[in-house]
Every structure is written in structure tokens, then in C-alpha cells.
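Encoded as C-alpha cells, the structure appears first; notes follow it.
Where a number appears in this text, it was derived from the coordinates with a stated rule and is not lab data. Just so it is clear, the structure is predicted and the values come from calculations on it, not from any experiment. FYI the Cβ positions are ideal-geometry reconstructions off the backbone, even for glycines, and counts take in every protein chain you see.
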Amino acid sequence: MLRFSELNCSKGTDGLVPAIVQDEDTLQVLMLGYMNAEALEKTQETGLVTFYSRSRHALWTKGETSGNYLHLVSITPDCDADTLLVRVRPDGPTCHQGTKTCWGEAIPASLGFIRALQRIIRDRHREMPERSYTTSLFEAGVPRMAQKVGEEAVETVVEAVKGDRERLLYEASDLVYHLLVLLESQGLGINDMEAELEKRHR
């Protein structure tokens, strides 16, 4: 557990450190808050991100009124130990104005959506809800999932050869979705592919 005494609070900060909140899956920066010793301790104890409100002079757990909690994944201090990077998995929009981030349109809503889709697929795999197409793929097993990847790959190639950009995009999107499902069934994901590609690049 990270202790507040390990951090550096400069003069004029009133014993607070900035906490930059980032989505663990999409890597989007969601918001900026401030933590004191109690907020940091409560965040790590409960797994729900808690800040110190400079206007109300009190602790507040993000989502306690809206239900849009920030579930803690990790907390890391920067090189000077005076700012925290808080990686989370959010329940719904982060901003009180209803947007995904506190920067609204400055950060496109589609940014990082493939990772958000991966998270949805992972949730479907864990929960296996009824009447879900993704659930039906997991129930059918790896041979069916692999077959769908092959079918979508062929359709993607066909549309590319035909030069139909709109259909190519449609089929390529189907291919990516089915590939993510297949990878999830094997305990793999985007991070694993990125690591493999980086290894090849080196």
C-alpha cells in the first residue's frame, strides 16, 4: 500500500497531491482530483477512488451520489513523488456533466473504444448474460469462434479487392470484434498483441 508519507507535498498545496485519473482499458485521462492522506488511505482500503474536496473541505468518493464509481486498479506516484496516476475502471461517465471525461468533446468519445469493447466482451464472458450474441459464441466454443474469424477475414479481403471502402470498413470491424472474442476465450487481449508486435519491432 502506498503511504502518504512517501509523497512530497510542496508549499501552498495544503497537504494535498494532484491525482490524475486514467481509464485502465481505454487509457483515456478522465479527470483530475486531489487527495490528502485520508483520501489516499480510503481509496486503497475500499477500492473506490476517494478525493478531498477543496471547496467543501471534506472527503468525497466519486460516484457516491451518481453511482458512477471509479474502481481502483493501481496508484503510482510520478518521478518527483508529488503527483499520482490513478488507473481505474469507471462505472459510466466520469464528469458530473454526463460526459465520459471532464474534458468533454476535447477527447473524442470514440478514442480507445476498441479497448472498451474488449472490456465489454470480457464482462460478457464472465457474466454470460442470456440473449447475448457474444454469450452464444462463448457457449459454442473455440471452433465456432475460429470459424467466424475466418469467415470475416475472407469477407474483409473480398471487399478490399472489390474496392468497396464502406463494406471493407464494415467487414473489418466484424473481423476485429470476432478476433477479440477468440482472444478472450484464450485469456489473451490487445495488450498481449501489442507486446508481441513491440517485440517484433525491436
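A few remarks follow.
- Listed by chain and number, the lysines placed with their C-alpha closer than 22 angstrom to that of residue 42 are 62; residues fewer than eight positions away on the same chain are left out.
- Counting neighbouring beta carbons within 10 Å and listing from fewest to most, the residues 193, 1 come out as 1, 193.
- Cα-centred dipole magnitude for the chain, charges only on beta-carbon of K, R (+1) and D, E (-1), debye, nearest 20: 200 debye
- Packing-based exposure ordering (other Cβ within 10 Å, fewest first) of 185, 132: 132, 185
- Candidate cross-link partners of residue 148 among the lysines, defined by an alpha-carbon separation under 17 Å and a same-chain spacing of 8 or more, are absent.
- Calculated [222 nm] ellipticity per residue, helices only, for the chain: -14000 deg cm²/dmol; basis is -39500 (n - 2.57) per DSSP H run with n ≥ 4, divided by all residues, nearest 500.
- Dipole of segment 129-202, positive end: most advanced residue of 201, 149, 138 [Cβ charges, Cα centre]: 201
- Residues 197, 183 arranged by fewest to most Cβ contacts within 10 Å: 197, 183
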